[in-house]
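Worksheet for the structure shown next.
The values are calculated or read from the model by the stated rules, or taken from the named source; none is laboratory data. On a predicted model such as this, the values are computed, not experimentally measured, just so you know. Note that we place each Cβ from the backbone using ideal geometry, even for glycine, and neighbour counts take in every protein chain shown.
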Amino acid sequence: MKKKYISMVLMAALAAGTLAGCGDKSSGTGGDKNSSTQKDSSESSKGGDNATAEGKVINVYSWNDEFMKRVTAVYPEVKETSSDKTVTTLKDGTEIHWIINPNQDGVYQQKLDEALLNQASAAADDKVDIFLSETDYVNKYTDAEADVAMPLTDLGINPDTDLSDQYDFTKVTASDVNGVQRGSTWQCCPGLLVYRRDIAKEVFGTDDPVKVGEKVKDWDTMKTTAEELKAKGYYTFSSYADTFRLYGNSISAPWVSPGETVIKVDQKIMDWINTSKEWLDAGYLNKTVKGQWNDDWNKAMGSKSKVFAFLFPAWGIDFTLKPNWDGKDGAWAVTNPPQEYNWGGSYVHACTGTDNPTIVKDIILSVTGNKDNLLKISKDYLDFTNTKSGMQEAAKDNKSYASEFLGGQNSFEYFTPVAENIEIAPLSAYDQGCVELIQNAFSDYFQGQVDFDKAKSNFETAIKERYPETTEVQWP
Amino acid sequence: MKRKHKSVSYSKWGYIFILPFFVSFFIFSFIPLADTIRYSFFEYYRSGIKEIGPNFVGMENYSSLMASDMLKYAGNTFILWIIGFIPQIVIALLLAAWFVDIRLKIHAQQFFKVVIYLPNLIMASAFAMLFFTLFSTNGPINGILMSIGIAKEPIDFMGSVFGTRSLVGFMNFLMWFGNTTIMLMAAIMGISTDIFEASEIDGCNSIQRFFKITLPLIRPILAYTLINSIIGGLQMFDVPQILTNGQGSPDRTSMTLIMFLNSHLKSKNYGMAGALSVYLFIVSAILCFFVYRMTNNNDPDGSKAAARKAKRRG
């Protein structure tokens, strides 16, 4: 009998041991109120004294440290950031937790979606308070029905007065179908043509941005210029994907109209396909560079490359071109693009259900609606920021905004007029998949692997896999 | 009803001690498995951040999969597998025969065994990433080929069907031939040396010995390797996924079944992915049945069957 009891106890211990792992996990994600409140009280006694009724932890979902850098640079309440860059402490002891997941392969959105689905049941300090989205998928999160991004007015921000200096198209982008603004951005991404000065001198005899600008002012002139470059052994752009945003962001109707399940391919996209094929076959583009964001593309920005120009907004110059350039500063210059366009942009949203609305409002206003802060971001990070009057000043202020990388040129002089002329393409929640998959499908066509019709049907297959609810693809 | 009081049965303790495994298997493997099958009859996916379904649709997922390019991807999977498997089994047989051959007296045998096994220790995705960089159009392989004058302009390895498929096959071969070699070595070492000696006395040369003695006697293990490799090949995913960036490019010719499954999971399409998993499950189950038959074979070398045959005749 005694033996039996001992073995019973051993059994229980064993079972407890095996199940302990999942027990911990569930209490961690669920509502382990005890431990988190304990942590809070110890932290507030250590850090700050003026405890508010709001939560002590602000969770920010993002895909890189861009937003963190800007917040720590301009938000006045910031006290310090931990050395591993995961936690920023504010002066009142509130902690900002930066939850960063890479954008590649949709990882960021997967993680964010999971968190948003659990938002209602999550403990106060585990709730998402702020999340970021990109222009490619901002529409998915500003959806009125899903209601995951709070309308700014609910936070106490009046877009008409508080954000009146922002570029209008950024406000439209962050609004839902009813025109309610549900996000705000500090950056505005007008794109320019960035070119190599040495190649311009060799081919055109000048590297003056005004004169080069004349040579690339529209697509027809651009083609003549491309022929000139080819004669000297240079490529105009690196890959067919480089020009995509100029066409893709000027489509006249959204990929999918609200309430419909039909994908409509715009005529502009077909123009891109035809021009790209023509240019690639004519040798104006580098055949070995397939698409963007890969090793070959990065190498095309190096000093050994034969590529004359790239089409980039401000972030592209600072974030992509600069790290890949291995020559001296001052080798590049910017000029007007053949067509005005916008590429990218990170939107800041307050998440529905946040337990820190006051601080969230404060951060959004301070990072996206304060002209002085925005100008500081422009100076420190070369962002083209979301302030109309500020950017006009910057365009004239050659002294403080001259870029060493661009050989002392003030790029804002060129960015500002583009920004004022941008007409943002109508968005839909399917943009990201459409943009990605159409480029993939037709890349086989450009390289001569498949014919035009096969590329079309490959796109149809891929898009129906990605978005099962789509019923049909209409070609112009 | 009679009860034997004298003998104490300890068998229930055995059951109780293996219970934790069965409980965790039930929770973490069996329920998800059953759910996968259940969801395969439902329309269930996510559109943006809105969940659609689950709505019962019967066999619709299965029939629409059949109407899709699934069989083409199954063909791709098979081709990618066979390109890797043929050199793998040939080289492995050769190496295994050499390594166990006492007369060859290979030095540092242990060292070579470790080296050929090493590629298997690298994560498949890391291995694919490495090859992706090596064979990219502006990568080191093209650099070497151009500087020694074999190629005039960079070869677009991953732009052609042949190039991509051979790369995938080559990687699978490199990763698995060591493993197969070691398995076959064990099989060959299991053959009684008496037979080899007898054959030698009878004047058998090494080629005859290999084809007439070694090969027939390791046939069960060879078949086991084959079926195991098919099951592994059926699940081929990481190498082509990383090498082609999940596109199965060019023209979806290196898209495998699991990559197809993965692209359904991008939209959280549990219904369709579930149906595809069930198809794969059925194929794997059939293959597993053969493995089971083989490993539980009580007549591995066919001697009993031969004896029966002889008896009937005589």
Segment A:411-426, residues that are closer than 19 Å to A:Gln392 by Cβ and touching a strand residue (DSSP E or B) at 6+ places or on another chain (Cβ under 7 Å): A:Ser411, A:Tyr414, A:Phe415, A:Val418, A:Ala419, A:Ile422
Some residue of segment B:171-181 being modelled with pLDDT of 90 or more and within 30 Å of A:Phe442 (Cβ to Cβ): yes
Some residue of segment A:136-150 being at pLDDT below 90 and closer than 30 Å to A:Ser305 by Cα: yes
Single match in A:Leu152, A:Leu116, A:Leu90, A:Leu132 (criterion: in contact with a helix residue (DSSP H, G or I) (Cβ under 9 Å, 6 or more places away or on another chain) and within 14 Å of chain B (Cβ to nearest Cβ)): A:Leu116
Selection from segment B:1-60 of residues that are part of a helix (DSSP H, G or I), among the hydroxyl-bearing types (Ser, Thr, Tyr) and more than 11 Å from chain A (Cβ to nearest Cβ): B:Ser11, B:Tyr15, B:Ser29, B:Thr36, B:Tyr39
Qualifying helices (runs of 4 or more DSSP H) (wholly inside segment B:190-249; at least 2 residues being away from chain A (no Cβ under 14 Å) and under 19 Å from the mean Cα position of the chain (by Cα)): B:219-234, B:238-243
Residue within segment B:44-57 that is at pLDDT below 90, touching a Gly at 6+ places or on another chain (Cβ under 6 Å) and within 15 Å of B:Ala273 (Cβ to Cβ) present: yes
Failed condition for B:Ser284, given (1) out of contact with any strand residue (DSSP E or B) (no Cβ under 9 Å at 6 or more places or on another chain); (2) in contact (Cβ under 8 Å) with a residue 60 or more places away in the chain: (2)
Residue selected from segment A:159-214 under the condition among the aliphatic types (A, V, I, L, M) and part of a loop (DSSP other than H, G, I, E, B), by the criterion surrounded by the most Cβ atoms within 10 Å (Cβ to Cβ): A:Ala174
Scope segment A:266-297; condition at pLDDT 90 or above, within 26 Å of the chain's Cα centre (by Cα) and surrounded by fewer than 19 Cβ atoms within 10 Å (Cβ to Cβ); matching residues: A:Gln267, A:Lys268, A:Met270, A:Asp271
Segments classed as helices (runs of 4 or more DSSP H), wholly inside segment A:353-468, with at least 3 members that are among the β-branched types (Val, Ile, Thr) and in contact (Cβ under 8 Å) with a residue 24 or more places away in the chain: A:357-368
Some residue of segment B:112-124 being of a type in the set (Gly, Ala, Ser), assigned to a helix (DSSP H, G or I), within 14 Å of chain A (Cβ to nearest Cβ) and surrounded by 14 or more Cβ atoms within 10 Å (Cβ to Cβ): no
Residues being facing chain A (nearest Cβ under 9 Å), of a type in the set (Val, Ile, Thr) and assigned to a helix (DSSP H, G or I) - total across segment B:134-174: 1
Only listed residue being surrounded by 21 or more Cβ atoms within 10 Å (Cβ to Cβ), more than 18 Å from A:Val180 (Cα to Cα) and of a type in the set (A, V, I, L, M), chosen from A:Val128, A:Val148, A:Val138: A:Val128
Residue within segment A:426-445 that is within 23 Å of the chain's Cα centre (by Cα), buried (at least 18 other Cβ atoms within 10 Å of the Cβ), among the polar types (S, T, N, Q) and more than 14 Å from every other protein chain (Cβ to nearest Cβ) present: no
Close pairs from segment A:93-109: first within 14 Å of another protein chain (Cβ to nearest Cβ) and surrounded by fewer than 19 Cβ atoms within 10 Å (Cβ to Cβ), partner small (Gly, Ala, Ser) and not in a helix (DSSP H, G or I), Cβ under 9 Å, at least 6 apart: A:Asp105/B:Gly246
Extreme residue, farthest from B:Pro154 (Cα to Cα), among residues of segment A:285-325 that are of a type in the set (D, E, K, R) and away from chain B (no Cβ under 14 Å): A:Asp318
Hits in segment B:286-305 - residues which are in a helix (DSSP H, G or I) and either within 25 Å of the chain's Cα centre (by Cα) or modelled with pLDDT of 70 or more (or both): B:Ile286, B:Leu287, B:Cys288, B:Phe289, B:Phe290, B:Val291, B:Tyr292, B:Arg293, B:Met294, B:Thr295, B:Lys304, B:Ala305
